[in-house]
Amino acid sequence: MRRWSVVALALLLAAPLSSSIGLADPPAADADMDGVADEVDACPDTAPYDLVDAAGCPVCDCDEDWASRGEYLRCVLDEVHARRADDSLGRKAAKLFVKAARNSSCGYPTRVRCCVMFHEKGTGMCKIMDDLRCDGELIGGDVVDVDSGSCFPNPCALE
């Protein structure tokens, strides 16, 4: 009988503590899904798979004037390695950031993401090409120049 009363007393004492902790707070809104809450995000429209700083701005901004493609890729790889070293980025996620960087126009001053559209599918195929070649008459179809950035994930969708 005494053992039961000790258990009941322990449960009574623990009840207010567990109810005050409750469930974890719901995650803050993060529209661009960069890991920085919208209320403190200084760059609210970050592209998918851009590595961002604490303020939510790209560390290796594609729109920056890079001296070369290699300089841009070095920035991304250095940041990925630093985050892997401090365990803030997993192996699978690191591969996705590198894939997005490699499938981008970043560091190429005359290249853009060109969407060759397929209206029957409601989407298009994204290709990195010279901005002068991203022309419907040259390609022989409907194309959309979506400026600089990555083709991963595919930005070509009909709206």
task = Residue by residue through the range 65-95, note down the ones that are surrounded by 13 or more Cβ atoms within 10 Å (Cβ to Cβ) and assigned to a loop (DSSP other than H, G, I, E, B).
result = W66, L89
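If a residue has to be surrounded by fewer than 16 Cβ atoms within 10 Å (Cβ to Cβ) and either modelled with pLDDT under 90 or under 23 Å from K95 (Cβ atoms) (or both) to count, how many in the range 31-53 make the cut?
Our first condition is that a residue be surrounded by fewer than 16 Cβ atoms within 10 Å (Cβ to Cβ); within the range 31-53, this holds for 31, 33, 35, 37-40, 42, 44-45, 48, 53.
Adding the requirement that they be either modelled with pLDDT under 90 or under 23 Å from K95 (Cβ atoms) (or both) leaves 33, 35, 48, 53.
So the answer is 4.
Restricting the search to the range 109-159, which residues are among the small types (G, A, S) and assigned to a strand (DSSP E or B)? Talk me through it step by step, then tell me what you get.
Filtering the range 109-159 for residues among the small types (G, A, S) gives 122, 124, 136, 140-141, 148-150, 157.
If the condition is that a residue be among the small types (G, A, S) and assigned to a strand (DSSP E or B), then G124, S150, A157 are the ones that fit.
Yes or no, residue by residue, for (1) at pLDDT 90 or above; (2) in contact with a Leu (Cβ under 8 Å, 6 or more places away or on another chain):
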position	(1), (2)
K99	yes, no
N103	yes, no
G107	yes, yes
E120	no, no
D130	yes, no
R133	yes, no
I139	no, no
D142	yes, no
S148	yes, no
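Just need a number here: residues in the range 121-148 that are touching a Gly at 6+ places or on another chain (Cβ under 8 Å) and β-branched (V, I, T).
Of the range 121-148, the ones touching a Gly at 6+ places or on another chain (Cβ under 8 Å) are 142-144.
So of that shortlist, the ones also β-branched (V, I, T) come out as 143-144.
Number of matching residues: 2.
The values are calculated or read from the model by the stated rules, or taken from the named source; none is laboratory data. Everything numeric in this text was worked out from a predicted model, so none of it was measured. Ideal geometry is used to build each Cβ from the backbone, glycine not excepted, and the neighbour counts take in all protein chains shown.
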